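I have placed the structure first, in the form of structure tokens, so that the comments after it can refer back to it.
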Amino acid sequence: MIKVVLPAHLKTLARVDGDVELDLDGARPTTAAILDALEARFPALRGTMRDHATQRRRPFVRFFACERDLSHDAPDAPLPDAVVAGTEPFFVIGAMAGG
Amino acid sequence: MSKVRVLVGTRKGGFVLTSDGKREKWDVSGPHFAGWEIYHIKGSPADPNRLYASQTSGWFGQQVQRSDDGGKTWNPVGNEFKYDGVPGTHQWYDGTPHPWEFARVWHFEPSLTDPDTVYAGVEDAALFKTTDGGKTWKELSGLREHGSGPKWQPGAGGMCLHTIILDPKDPNRIYIAISAAGAFRSDDAGKSWKPINRGLKSAQIPDPDAEVGHCVHHVAMHPSRPNVLFMQKHWDVMRSDDGGENWREVSGNLPTDFGFPIDVHAHDPETIYVVPIKSDSEHYPIDGQLRVYRSRSGGNEWEPLTKGLPQSNCYVNVLRDAMAVDSLDKCGIYFGTTGGQVYGSADEGKSWSAIVRDLPAVLSVEVQTLA
């Protein structure tokens, strides 16, 4: 199981309290697969992390794991082993900006 | 006994203010969608318990929230606003072509007859419609594809479609306004559109009489006279008596005719309200005195309404969608400020009091008069 940590606003939208545990159902573990699984389980998150049409990451959303910024990796790039193993979480972050 | 429900959108959440028909004691609920920008909340005239809210965020984009119980509970519905076809370009601030990009919903206008049908005015300017209660949205692309589209340009707040008026006597007639393109009218239920800006003069554009390019801030109509429109333009308060075909200035004796909101008394279609703002470079009232101005003659002759409003050291703004009226007798007037106050008058503007004082900056105010 992959562990995903959502930012507070997306937890509220998804109506979850803690971390989310995702089973990718055999899909190759990538950022895109995590987003697909999140959006399938929580339809309210569609459009919040990536654009509906282009599927590009929204500018002020970041993906971190294992002390690395994965935001600029290709969406179909493989995830770190520790994320796939469920020992390290995949963070969805609202970038520091604004007031 | 009648009730009033005031729907307030702010920079950091939505609030619902309720009172009985006396409008003296208010219950404040919220923030709903705490921390998000709530650009607009509006109820369906056909089912007052059906509300739609535009919830937006620079981080996480657009959400559309729907309530079926008058704002007690909410559920997200469809949030995909996809322009029809290849959207093309409009003018950017520097005059270069810029591709149309969806940013947010500025205004929801529910159908007068069907709670599942709603129009949405969005940035970058376009008009969308749902007929399934917000699950899916389809662009009425005849507006954006009007030949003048490449000449539209954003105002300081973005290129927003902020005003949608449905003609209660002719279901095929819709008015909209865009900053900064101008006002448009459809006579075929949104399929095709024509600019209705004749008579507007804007010194801020190269051709002051141009067909499009005017920074219309808001337009209001009384439902008993759908051919009569009142407009607060960037500068100038304007009036049309022929469905927008021709406009004439009715700023009259206003101390400044810059401003954002304009609204019409619920029972007297010749009584209108504006909030004069010092200038386009100083967005606050003149001399720190917050004054609503009322005309009982459809413009030109204006009187200041000050009782209960701060008359010193007040430097707030009142945004374009942040004024509304109830339909009680006497007509109630409400407006919200960028300082977080929502003021109400239960006597047509004669006297005012703050319903609530310290909300986040108010983006929009709508009112429902409930039986």
Original post:
For the stretch B:278-307, how many residues meet the condition of being crowded, with 22+ Cβ neighbours inside 10 Å, farther than 15 Å from B:Glu348 by Cα and within 18 Å of the chain's Cα centre (by Cα)?
Top reply: 0
Subject >> Among the residues listed as B:Val64, B:Val6, the single one being away from chain A (no Cβ under 12 Å) and at pLDDT 95 or above >> reply: B:Val6
Original post:
When you look at B:His32, is it within 14 Å of chain A (Cβ to nearest Cβ) and within 22 Å of the chain's Cα centre (by Cα), yes or no?
Top reply: yes
Original post:
Which of the following residues is free of Cβ contacts under 8 Å to residues at least 40 places away in the same chain, under 19 Å from B:Ala180 (Cβ atoms) and not in a strand (DSSP E or B): B:Ser312, B:Ser297, B:Ser281?
Top reply: B:Ser281
Original post:
Looking only at the stretch A:24-59, which residues are modelled with pLDDT of 95 or more and of a type in the set (A, V, I, L, M, F, W, C)?
Top reply: A:Ala32, A:Ala33, A:Ile34, A:Leu35, A:Ala37, A:Leu38, A:Ala40, A:Phe42, A:Ala44, A:Leu45, A:Met49
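Please work out if B:Ala53 is open to solvent by 40 Å² or more (accessible area, probe 1.4 Å), modelled with pLDDT of 95 or more and either within 14 Å of chain A (Cβ to nearest Cβ) or within 22 Å of B:Ile165 (Cα to Cα) (or both).
On the way: open to solvent by 40 Å² or more (accessible area, probe 1.4 Å): no; modelled with pLDDT of 95 or more: yes; either within 14 Å of chain A (Cβ to nearest Cβ) or within 22 Å of B:Ile165 (Cα to Cα) (or both): yes.
Judged against the criteria, B:Ala53 is not a match.
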Original post:
Within the bounds of the stretch B:14-29, is there any residue that is more than 22 Å from B:Ser353 (Cβ to Cβ) and open to solvent by 10 Å² or more (accessible area, probe 1.4 Å)?
Top reply: no
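Tally time: how many residues in the stretch B:9-29 are outside any loop (DSSP other than H, G, I, E, B), more than 14 Å from chain A (Cβ to nearest Cβ) and not aliphatic (A, V, I, L, M)?
Our first condition is that a residue be outside any loop (DSSP other than H, G, I, E, B); within the stretch B:9-29, this holds for B:9-10, B:13-20, B:27-29.
This time we only want the ones that are more than 14 Å from chain A (Cβ to nearest Cβ), so: B:9, B:15-20, B:27-29.
Subsequent filtering for residues that are not aliphatic (A, V, I, L, M) retains B:9, B:15, B:18-20, B:27, B:29.
Qualifying residue count, the stretch B:9-29: 7.
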**OP:** Only strands (runs of 3 or more DSSP E) wholly contained in the stretch B:85-203 count here; list those with 3 or more residues that are under 20 Å from the mean Cα position of the chain (by Cα).
**Re:** B:104-110, B:118-123, B:126-130, B:160-166, B:174-179, B:182-186
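Which of the strands (runs of 3 or more DSSP E) contained wholly in chain A include at least 1 residues that are within 14 Å of another protein chain (Cβ to nearest Cβ) and surrounded by 16 or more Cβ atoms within 10 Å (Cβ to Cβ)?
A:61-65, A:90-94
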Original post:
For B:Ser44, which of the numbered conditions (1) more than 21 Å from A:Leu45 (Cα to Cα); (2) open to solvent by 10 Å² or more (accessible area, probe 1.4 Å); (3) of a type outside the set (A, V, I, L, M, F, W, C) fails to hold?
Top reply: (2)
Original post:
From the residues in the stretch B:147-170 that are in contact with a Ser or Thr (Cβ under 8 Å, 6 or more places away or on another chain) and more than 17 Å from B:Ala103 (Cα to Cα), which one is modelled with the lowest pLDDT?
Top reply: B:Pro150
Original post:
Which one of the conditions (1) assigned to a loop (DSSP other than H, G, I, E, B); (2) touching a Pro at 6+ places or on another chain (Cβ under 7 Å); (3) within 23 Å of B:Phe33 (Cβ to Cβ) does B:Pro48 fail to meet, given that it meets all the rest?
Top reply: (2)
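The values are calculated or read from the model by the stated rules, or taken from the named source; none is laboratory data. Since the structure is predicted, the reported quantities are computational estimates derived from the model, not experimental observations. Using ideal geometry, Cβ is built from the backbone for each residue, glycine included, and neighbour counts are taken over all protein chains shown. The protein model used for the area step is the full one, side chains on, heavy atoms only, and it has no ligands, DNA or RNA in it. Shrake-Rupley method; radii C 1.70, N 1.55, O 1.52, S 1.80 Å.
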